[in-house]
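So the structure is just underneath, and the comments pick up after that.
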Amino acid sequence: MYSNIRWKEEFKLQEVYGSGPPLGLCESTTTGPSTQVPPGLFGSPTETEVILHGRTVKSLLDTGSTVSTVSHTYYNNNLIDLPLQQLNTLLDIECADGQQLPYEGYIETELQIPLQTERYPCIILVIPDSTYNTQVPLLIGTNILQHIMKLLQLQHGNRYLQKTQHFMVP
């Protein structure tokens with residue numbers, strides 16, 4: 001099997017910008033014949049650009065996440081005028097690997113889909129930087145995706161995905 005591949009703990013295991021191994025994938029820790037990653041193990045990331053607080057930002061659409069997050073560095077460089085609200089210990093978020101998601105607080109802002117006029121209110125956790133979120137600073141979880149989906153259904157009917165091109169991946 002592939003037990004001799006050591007995985008780094010990263011937010012997402014994806015290939016970024018088409019070069020190098022997927023983030024989080026390390027060299028084999030055993031000697032002998034090299035183990036190849038089987039084709040089809042990794043899918044394409046659902047990345048797109050959105051407008052957050054008036055600025056275009058690369059984002060990951062993540063239907064497996066119930067919260068939306070933004071990296072610490074992106075917050076400090078682009079969203080510092082938004083007050084960072086504290087949650088203290090009110091919220092414990094467990095990641096898929098069972099670890100707790102560290103966060104600094106949350107911000108309230110608006111998200112806009114390019115070429116659209118609607119702005120969607122959103123609440124986003126500010127989290128520490130990782131290898132992945134320094135490249136793709138915004139993760140859009142179901143707390144935002146469900147809201148947008150409901151609004152699109154109201155505007156375009158139940159077959160809104162066939163009628164609109166809102167989240168086209170560039």
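The values are calculated or read from the model by the stated rules, or taken from the named source; none is laboratory data. Treat the numbers as computed from the prediction; the structure is a model and nothing was measured. Neighbour counts run over all protein chains shown; Cβ positions are idealised from the backbone, glycine included.
Suppose we filter the stretch 98-133 for residues that are in contact with a Ser or Thr (Cβ under 9 Å, 6 or more places away or on another chain) and not in a loop (DSSP other than H, G, I, E, B); how many remain?
8
For the stretch 80-117, enumerate the residues that are among the hydrophobic types (A, V, I, L, M, F, W, C) and within 17 Å of the chain's Cα centre (by Cα). If you could, list the steps in order and put the result at the bottom.
In the first step, residues of the stretch 80-117 are kept if they are among the hydrophobic types (A, V, I, L, M, F, W, C); the result is 80, 82, 84, 87, 90-91, 93, 95-96, 101, 107, 111, 113, 115.
Passing the criteria: ILE93, CYS95, ALA96, LEU101, ILE107, LEU111, ILE113.
Filter the stretch 106-120 for residues that are free of Cβ contacts under 8 Å to residues at least 24 places away in the same chain and surrounded by fewer than 16 Cβ atoms within 10 Å (Cβ to Cβ) and give the result. Can you show your working first?
First, pick out the residues of the stretch 106-120 that are free of Cβ contacts under 8 Å to residues at least 24 places away in the same chain: 106, 115, 117, 119.
Correct list: LEU115, THR117, ARG119.
Would you check which residues across the stretch 152-170 are modelled with pLDDT of 70 or more and loosely packed, with under 14 Cβ neighbours inside 10 Å and list them?
Of everything in the stretch 152-170, those that are modelled with pLDDT of 70 or more and loosely packed, with under 14 Cβ neighbours inside 10 Å turn out to be GLN153, LEU154, GLN155, GLY157, ASN158, ARG159.
Going by what's in this entry, would TYR106 be described as among the aromatic types (Phe, Trp, Tyr), modelled with pLDDT of 60 or more, in contact with a Pro (Cβ under 7 Å, 6 or more places away or on another chain) and within 20 Å of PRO121 (Cα to Cα)? Before the answer, list the steps.
On the way: among the aromatic types (Phe, Trp, Tyr): yes; modelled with pLDDT of 60 or more: yes; in contact with a Pro (Cβ under 7 Å, 6 or more places away or on another chain): no; within 20 Å of PRO121 (Cα to Cα): yes.
No.
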